[in-house]
1. Out of all the residues in the range 95-103, is one or more surrounded by fewer than 23 Cβ atoms within 10 Å (Cβ to Cβ) and under 19 Å from Lys49 (Cα atoms)?
2. Spot the failing condition for Arg134; the list is (1) open to solvent by less than 60 Å² (accessible area, probe 1.4 Å); (2) modelled with pLDDT under 60, and only one is missed.
3. Every residue in the range 104-118 that is buried (at least 20 other Cβ atoms within 10 Å of the Cβ) and either under 20 Å from Leu48 (Cα atoms) or under 13 Å from the mean Cα position of the chain (by Cα) (or both), please.
Amino acid sequence: MADQRYDGKTFGEWIELLRDPSPLIRRDAARALRMFGPPAIPVVVEALKDRNETVCAEAARTLGEIGPASVPALTAALGGPHPQARVYAARTLGEIGQPASSAGPALIESLQDPNARFRRLAGEALLNVWPRDRPARTSGGVLIGVLFGAILSVSLLMAFGQIRWHGYGL
């Protein structure tokens, strides 16, 4: 990879640009690092913690494009101290879909987080990543019947205020 270049810059040069004072340059560096694949994951995960939300969003998109190899790092970011990183990690896991099913238990735990935006994105991600034919358990032993995907979907949407229950028909 030492000789591999993208847009005239080496992997190391793109990593250095992640420390640039300009958020536009940091964003472009996060975008460019996707071209280097899985070896870029550790540095792109650090970019998820950037103080600029545009850089965080681009880092998440990069991890999503790198794909399933990013799942362990994204799962770890769910429990981290950086709110933006947690939000974007949840969104990206949902975009990866069922190849990110190993993140299911961490996403279930995330449903108890005090941050409403994070809970909503974790719930949406859970619907996309968890295989419908396998039940999920939290560390507390709570069983969620993922076989009932439609019921879970409605429950999550109601819990996050996306739809309102009016008591019709049931």
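The values are calculated or read from the model by the stated rules, or taken from the named source; none is laboratory data. For clarity, every value in this text was computed on a predicted model and none was experimentally measured. Because the Cβ atoms are built from the backbone with ideal geometry, glycine has one as well, and the counts that use them run over all protein chains shown. Just so you know, the surface numbers come from the protein's heavy atoms only, side chains and all, with ligands and any DNA or RNA stripped out. Shrake-Rupley method; radii C 1.70, N 1.55, O 1.52, S 1.80 Å.
1. No, because not a single residue in the range 95-103 is surrounded by fewer than 23 Cβ atoms within 10 Å (Cβ to Cβ) and under 19 Å from Lys49 (Cα atoms).
2. (1)
3. So in the range 104-118, the residues buried (at least 20 other Cβ atoms within 10 Å of the Cβ) come out as 104, 106-108, 110, 118.
Matches in the range 104-118: Gly104, Ala106, Leu107, Ser110, Phe118.
Here's the yes/no breakdown for (1) among the β-branched types (Val, Ile, Thr); (2) touching a residue at least 12 places away in the same chain (Cβ under 8 Å):
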site: Thr10; (1), (2): yes, no
site: Ala32; (1), (2): no, yes
site: Phe36; (1), (2): no, yes
site: Val44; (1), (2): yes, yes
site: Gly64; (1), (2): no, yes
site: Glu95; (1), (2): no, yes
